[in-house]
Structure formats: C-alpha cells, structure tokens
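The values are calculated or read from the model by the stated rules, or taken from the named source; none is laboratory data. In this text the structure is predicted, and so the values were computed from the model without any measurement. All Cβ positions, glycine included, derive from the backbone under ideal geometry; neighbour counts span all protein chains shown. Just the protein is used for accessible areas: all its heavy atoms, side chains included, with ligands, DNA and RNA removed. Shrake-Rupley method; radii C 1.70, N 1.55, O 1.52, S 1.80 Å.
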Amino acid sequence: MVNAFILAAEESPSPVLPHMAEVILGLVAFLLLLFVISKFVTPRFEKLYADRTAKIEGGIEKAEQAQQEAEAALKQYNAQLAEARAESARIRDDARAEAEQIKEELRAQAQEESARIVAQGQAQLEAQRAQIVAELRADLGRHAVELASRVVGESLEDEARRRGTVDRFLAELDSVSAPAKS
C-alpha cells in the first residue's frame, strides 16, 4: 500500500514541485525578460540616471561658481566701498583744508584792506592838517602884516617885504612855541 501510495503520488502533480516543462518555459521567459530589460530598459535607466547625475553635478558646479562669483562681487563691493569711504574722507579733508586756506586768504585781504583804509585815512588827515596849517599860516601872516602895518605905520604891500616879515614872524612864533611844547 505504501508502494501504491508512492506510485499514485508520482503520477499526480505535486503542489510543491512544478512540472519540468513549466520550469523550462518559466526559465526561458525569465531569460527573455532579463535580456529585454538588460538590452532596452537598463540602458535607458542608466542614461536617465547619468543625465540626472550630470544635471545635479552641473547644478552644484553652477551653484559653487555662482557662490564664488557672489563672494568675488562682495569682495569687490567691499573694496569699492572702502575706496569710496577713503575718497570721501580725502575730499572732506581737502575741503576743510581749502576752507581754512580761503578763510586765511580772506582774513589777510581784510587786514590788507583795513591797513589800506587806515593808511588812506591817515594820509587824508595829514593832507587836511597840512592844508589847515597852510591856511592858518596864510591867515596868520595876513593878520600879522596888517597889524605890523598899523604898528609900524608903513605899508607892507610889497610882496617880498611881506613874505620876509611873515617868515620872520612865523620863525619867531615857532621858536617861542617849541620850548613851550617841551
């Protein structure tokens, strides 16, 4: 019975072990599918992966390059900013120096103008004094001649005589007033 059971078991399909034809057919289908996948699908996936990798690496390189350019631009901007600050400080210092120079020039011009005005005023005063002294001498001389004419009783109308008399009188007047001033 056990033999019969084993024989009966060999003839009936086993639920665990498939038929050899199915195994061969499955193996051929698997190998065919493996060939199609390796021949057509895998290269496309590899190409897509390579393209994606290249894009990612290119994007990373572009990002690194952009970052380097941004850093270079930042350095250049900072350098230009420092240069602009130095330039503005120099301009400010130049303007201060120029303002001081202009102020000194204006002060010197004002002092020169003041000295000129004072000198001109003194010259005018001297001229007026000389004119007044000359007028006073002339008036004094005329009055002295008139008085002398009355006292002496002689006419001093002669110009030479009158001049001599006036000059003598003024000299005496100067000599009398000189010791009084001292």
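Each label was represented as a point 7 Å from its Cα along the Cα-to-Cβ direction; for Leu74 and Glu46 these points are 4.3 nm apart.
Rolling a 1.4 Å probe across the protein heavy atoms gives the range 19-181 an accessible surface of 87 Å² per residue.
If I stretch the segment between Val176 and Glu113 completely, what's the gain in nm (0.36 nm per residue apart, minus their alpha carbon distance), one decimal?
Details: separation 63, 0.36 × 63 = 22.68 nm, distance 4.19 nm.
Separation in residues times 0.36 nm, less the Cα-Cα distance, equals 18.5 nm.
Full extension from Ala130 to Arg90: what is 0.36 nm times the residue separation minus their Cα-Cα distance, to one decimal in nm?
Details: separation 40, 0.36 × 40 = 14.40 nm, distance 5.86 nm.
Full extension of this stretch gives 8.5 nm more.
Directionally averaged projected area (the range 18-69, Cα convex hull): 4.4 nm².
Tell me, what is the FRET efficiency for Met20 and Ile60 to the nearest 0.05, using R0 = 41 angstrom and their Cβ-Cβ distance as r? Please list the in-between numbers first.
Working: r = 55 Å, r/R0 = 1.34.
So the FRET efficiency works out to roughly 0.15.
Measuring nothing but alpha carbons in the range 19-181 and taking Rh as the Kirkwood radius, the Rg to Rh ratio lands at 2.06. Ranking of Lys39, Lys55 by solvent-accessible surface, largest first: Lys55, Lys39 (1.4 Å probe, protein heavy atoms only, all chains present).
For the range 19-181, the carbon plus sulfur part of the accessible surface works out to 61%, probe radius 1.4 Å.
Rolling a 1.4 Å probe over the protein chains gives Phe169 an accessible area of about 80 Å².
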